[in-house]
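Working notes for the structure below.
The values are calculated or read from the model by the stated rules, or taken from the named source; none is laboratory data. Since the structure is predicted, the reported quantities are computational estimates derived from the model, not experimental observations. Using ideal geometry, Cβ is built from the backbone for each residue, glycine included, and neighbour counts are taken over all protein chains shown. Side chains included, ligands, DNA and RNA excluded: accessible areas come from the protein's heavy atoms. Shrake-Rupley method; radii C 1.70, N 1.55, O 1.52, S 1.80 Å.
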Amino acid sequence: MGISAIKKYFLYLPLTITALTLTSCGGDDNGSDDGGNGGNGGNVRNFNCNIATVSNPEITCLQYPRLRGGNSKVITHSSKGFGVNYSVEWDSDIKSQRWTCYILTKENSKKKVSRYYGDKDAIPGAANSSYPFDPNLSAGEYWDDDYYYGSGFDHGHICPSNDRLYNNEVNYQTFFLTNMQPQYSVFNGSSSAHKFSGLWINMEDFVYNTGKNLKDGDTLFICKGGTIDKESQILTRIKGKLIVPKYFFCTLLLKDSRGLRTLGFWFEHSNVYHGDDPLVDYTMTIDEIEQLTGIDFFCNLPDDTEEKVEKKCYPIDWGLK
């Protein structure tokens with residue numbers, strides 16, 4: 001179901017990067033350090049930023065929402081020569097991922113390898129299976145089996161395989177079960193009746209194409225996930241255990257020579273095909289998605305900047321009509 005009935009406010013905010021002293025979290029665009037972007041660094045006011053820790057120094061980068069805390073943990077996967085691949089906030093109590101965040105640049109969106117395919121004879125969840133367990137989780141922090149199989153739901157990537165074909169390691173990492181959420185095939189884009197078409201894959205293609213067409217020095221900050229925290233936003237539980245989100249979201253922050261702008265997507269997770277719908281019908285402001293999810297996105301921006309960019313979106317400026 002579309003979001004066209006929701007009133008949208010459209011505005012492009014021309015903020016210069018020099019005035020904000022913002023980088024994408026270090027000079028190499030790989031999420032390796034803070035670079036003075038809020039968090040613990042810089043001289044701008046930011047009361048809701050993440051505070052870097054020894055185990056997770058990367059959480060002050062712009063793609064990260066404010067962390068939930070409690071029994072939720074941040075899992076970050078990296079690769080030598082690439083830097084930070086993506087991070088997940090994993091809730092160890094309900095054994096589900098809340099979001100995955102990552103960045104796209106002109107360089108890291110290059111395709112140099114083929115998609116990973118596991119050994120078809122491997123035990124589900126094994127290191128050589130199609131969808132391995134995440135090695136950063138301990139026993140008891142994840143379900144003891146891959147409940148996707150036979151459930152009627154796809155393994156839905158949150159950080160897509162297609163976005164990470166730079167080397168074999170970063171592509172393999174996108175297949176960890178911590179980077180998955182259950183999705184209907186007509187939503188995910190794997191339905192035989194609508195192959196490579198569906199709301200989720202259409203959005204993924206839009207995001208990837210935005211990233212690959214960036215200029216040197218530009219960065220697209222991305223945070224995506226499904227709703228797991230409110231019972232009214234949970235569709236069902238596979239075998240009474242694995243949460244199936246009722247809604248999925250994608251939040252974008254683009255930093256380029258023109259300044260900063262944001263765009264959000266909100267999708268109802270349905271077994272009805274909507275792949276022909278215009279993506280613009282599903283756009284929202286970041287503020288609206290924050291109200292729906294309870295997640296504080298792009299919290300590492302200076303407070304004044306965050307307030308301005310998150311309350312407006314301008315889909316036409318992203319090529320959506």
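Global dimensions of the range 94-152 from alpha-carbon coordinates: Rg and Dmax equal 14.7, 39 Å. Springs between Cα atoms under 10 Å define the GNM used for the chain, and in it the highest mean-square fluctuation of F187, F206, F248 occurs at F206. Specify the residue with the greatest mean-square fluctuation among G275, G140, G83, computed from a Gaussian network of the chain linking alpha-carbon atoms under 10 Å apart. So, out of G275, G140, G83, the one fluctuating most is G140.
Legend: calculated FRET efficiency, F82 to V54, from the Cβ-Cβ distance at R0 = 30 Å, rounded to 0.05, equals 0.85. Comparing I228, I238, I158 in a Gaussian network model of the chain where C-alpha atoms under 10 Å apart are linked, the largest mean-square fluctuation is found at I238.
Normalised per residue, the accessible area of the range 52-176 is 42 Å², obtained with a 1.4 Å probe and no contribution from ligands, DNA or RNA. Note that the range 200-321 presents 37 Å² accessible area per residue, ligands and nucleic acids not counted, probe 1.4 Å. Checking the a/c ratio against 1.5 first, then a/b against b/c, what shape does the Cα gyration tensor give for the range 192-249? Note, shape of the range 192-249 comes out oblate.
The sum of -39500 (n - 2.57) across all DSSP H runs of n ≥ 4, divided by the residue count of the chain, sets its helix-only mean residue ellipticity at 222 nm to -3500 deg cm²/dmol. Split the accessible area of the range 158-237 by element, probe 1.4 Å, and carbon with sulfur accounts for 47%.
Under conditions of 10 °C and 1.306 mPa s, the range 115-267 yields 95 µm² s⁻¹ as its translational diffusion coefficient, taking Rh as the Kirkwood radius over Cα pairs in the Stokes-Einstein equation. The three principal axes of the Cα atoms in the chain give end-to-end lengths of 55, 45, 39 Å, sorted in falling order.
Between D317 and L292, the distance separating the two model label sites (each 7 Å from Cα on the Cα→Cβ line) works out to 2.1 nm. Could you tell me the ratio Rg/Rh of the range 237-321? Both radii from Cα atoms, Rh via Kirkwood. Checking Rg against Rh, the ratio lands at 1.04. Each label point was placed 7 Å from the Cα along the Cα-to-Cβ direction; for R115 and T236 their separation is 2.5 nm.
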